[in-house]
1. May I ask you to list the residues in the range 1-21 that are of a type outside the set (G, A, S) and assigned to a helix (DSSP H, G or I)?
2. Looking at L24, L47 in this structure, which one is of a type in the set (A, V, I, L, M) and part of a loop (DSSP other than H, G, I, E, B)?
3. Counting just the residues of the range 27-39 that are within 9 Å of the chain's Cα centre (by Cα) and part of a helix (DSSP H, G or I), which one comes out surrounded by the fewest Cβ atoms within 10 Å (Cβ to Cβ)?
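Read the figures in this text as sums done on the coordinates, not as results from a lab. Keep in mind that what you see is a predicted model, and the values were worked out from it rather than measured. Every residue, glycine as well, gets a Cβ built from its backbone with ideal geometry; the counts of neighbours run over all protein chains shown.
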Amino acid sequence: PLISAGGYSRDSAIALADKHPNTLVAFGRHFIANPDLPIRLKKDIPLHPYDRSTFYLPGVDEPTGYTDQPFATQT
């Protein structure tokens with residue numbers, strides 16, 4: 001088994017998993033920007049772009065980035 005991560009799109013992740021049956025594809029940054037990532041991938045809904053500058057902001061009083069990302073409007 002292999003877990004691969006880094007720069008995958010929905011199509012490239014599916015292609016890798018189809019080519020190598022014992023492979024999992026991980027999405028890190030895309031998961032932060034898309035709290036509904038499994039649904040978006042399953043239904044081929046476009047991903048919300050991530051902004052690295054808002055991933056982790058310790059000490060900030062208002063949620064920015066990590067906790068306020070939008071859910072897809074189409075489900």
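1. R10, D11, I14, L16, D18, K19, listed by residue number.
2. Criteria check complete, one pass: L47.
3. P38
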